[in-house]
Amino acid sequence: KSKEQKMAAAMAGGKGKKKKWSKGKSRDKVDNKVLMTKEQNDRLHSEVPKMKLITVSAVVEKLKVNGGLARKTLRILAEEGKIRPVLISRAQRIYTRNVAEEDD
């Protein structure tokens, strides 16, 4: 190649496209309710005591309520004797259904 051809090739190449930064993975904003509706309350009392593994996150997913409300309702259900606590630690609460409903 002559010097002119090399020069033309260099000029024609140019810079490639600049790499774009990704915006990162964005999660959908969940819109969980802060207060229970009548239907959610009915579902809580009918469906949750039948679940084998009952956690705060399971109730949040099922009823679309926020975590604080789910914790409070699980505490109430446990006091009523509808569900039974398995593990209650600082970070996680695990309940199960009351299989043998004993009357005192």
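The values are calculated or read from the model by the stated rules, or taken from the named source; none is laboratory data. Just so we're clear, the structure is a prediction, and the values are computed from it rather than from any experiment. Ideal geometry is used to build each Cβ from the backbone, glycine not excepted, and the neighbour counts take in all protein chains shown. Each accessible area value is taken on the protein alone, full model and side chains, heavy atoms only, with ligands, DNA and RNA left out. Shrake-Rupley method; radii C 1.70, N 1.55, O 1.52, S 1.80 Å.
Using the empirical formula 2.2 N^0.38 Å as the baseline, the Cα radius of gyration of the stretch 24-104 reaches a ratio of 1.17. The listed residues 11, 51, once ranked by accessible area (1.4 Å probe) with the largest placed first, stand as 11, 51.
Rounded to 0.05, the FRET efficiency of the residue 92 and residue 21 pair, given R0 = 41 Å and the Cβ-Cβ distance, is 0.65.
Apolar share of the accessible surface for the stretch 34-104: 53 percent from carbon plus sulfur atoms, 1.4 Å probe. With the highest mean first, a sort of the peptides 71-80, 18-27, 87-96, 54-63 on other beta-carbon atoms found within 10 angstrom per residue produces 54-63, 71-80, 87-96, 18-27.
A simple spin-label model places the labels of residue 64 and residue 45 2.2 nm from each other, with each point 7 Å out along Cα-to-Cβ. In straight-distance terms, cross-link reach from residue 52 covers every one of the lysines whose alpha-carbon lies under 25 Å from its own, apart from those fewer than eight places away in the same chain; here that gives 33, 38, 62, 64, 72, 82.
The C-alpha atoms of the stretch 29-72 occupy a region whose extents along the principal axes are 28, 21, 17 Å, arranged from largest to smallest. With the convex hull constructed from alpha-carbon coordinates only, the stretch 1-60 shows a mean projected area of 9.5 nm² over all directions.
Here the dipole of the chain is about 1740 debye; that uses its Cα centre as origin and unit charges on the Cβ of Lys and Arg (positive) and Asp and Glu (negative).
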